[in-house]
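What follows is one structure encoded as structure tokens, with my remarks underneath.
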Amino acid sequence: MSTQATNISPQEGSEFISTVVTAIINRNQSALNPLLKQVIYLIPAQQPESLRGKIASDLLLQITQELEKSLGCSNHPTIAWFLVYVGLGSSPPEAIQAVQMILDQGFKPFEDFFVDTQGIHFYDNGATPEKFERIPERLSEFTQMTVRVDILEVNRLMNRFNLSEPEARKTLLNLKILEQKMKIPLEQLLSVLDYNDELLQQVIQCDLTGSENNPGLGFPW
């Protein structure tokens, strides 16, 4: 079927999923990119906004299930590559290694967990105590991470460093990622920035949500 089509019948849907699976198995990025654009954006856009997220998730789940059947196993390295590619738009080796460790424990992609720029995250139906016990202790540098940014903390940073709200939000997000990766308390990181304007500017300008960035920046630890 044409990669421009967005309204698909059940038969066309089956053919479409087969086309996506073939592109994944061949790791043909030039073919896969427009197909993923349909899966994530164009096909869901034909439905009410409240349904779009579920439609995209369901399509990705169907694609992964068909991929498992074609490859003959549920933890094939190509599945890990696909999950990282969907979540990051690239395939850094440490991310693939981390996802592979999760697949090897029997977790189901797009059912139990998904991948994004901050790591591996679990859906509510996958986040049971029993399943968490099976998560490998170390997932390379691409670890699951939850970062919460509170408006009161943002306001404190705005006042402390004379920042705009967007700058304060980005700074706080980066610092909380550093806090988890470096095992250094947030207040200790902030105390260094109090007297180091150059480092403060680095923290404001950098993006630590990707897996390829240096987690330490210029902090003295």
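The values are calculated or read from the model by the stated rules, or taken from the named source; none is laboratory data. These numbers come from a predicted model, not from an experiment. Here the Cβ positions follow ideal geometry from the backbone for every residue, glycine too, while neighbour counts run over all protein chains shown. Heads up: the accessible areas ignore ligands, DNA and RNA and are worked out on the full protein's heavy atoms, side chains in. Shrake-Rupley method; radii C 1.70, N 1.55, O 1.52, S 1.80 Å.
For the reader, a short list of remarks on this structure follows.
- Straight Cα distances below 23 angstrom link Lys170 to the lysines Lys181, Lys183, with same-chain residues fewer than 8 positions distant left out.
- The simple spin-label model puts a point 7 Å past each Cα toward its Cβ; for Asn159 and Glu94 those points are separated by 3.6 nm.
- Computed over segment 12-103, the P(r) curve from all C-alpha pair distances, binned at 5 Å from the origin, holds 3, 14, 24, 25, 20, 10, 4, 0 percent per bin.
- Expressed as a whole percent, the proportion of Cα-Cα pairs in segment 129-205 lying more than 21 Å apart is 33%.
- Given a 1.4 Å probe and the protein chains as shown, Asp207 ends up with an accessible area of around 80 Å².
- Magnitude of the charge dipole for segment 12-103, about its Cα centre and with charges confined to Cβ atoms of Lys, Arg (+1) and Asp, Glu (-1), is about 120 debye.
- Label-reachable residues, segment 73-90, where backbone N falls under 18 Å from a point 7 Å from Asn33's Cα toward its Cβ: 82-90
- Extended-chain gain in nm, criterion 0.36 nm per residue less alpha-carbon gap, Asp124 and Ile25: 32.7 nm
- The alpha-carbon of Lys176 sits under 28 angstrom from the alpha-carbons of these lysines, leaving out residues fewer than 8 places away in its chain: Lys131.
- Segment 129-205 - charge dipole about Cα centre, Lys and Arg +1 at Cβ, Asp and Glu -1, debye rounded to 20: 220
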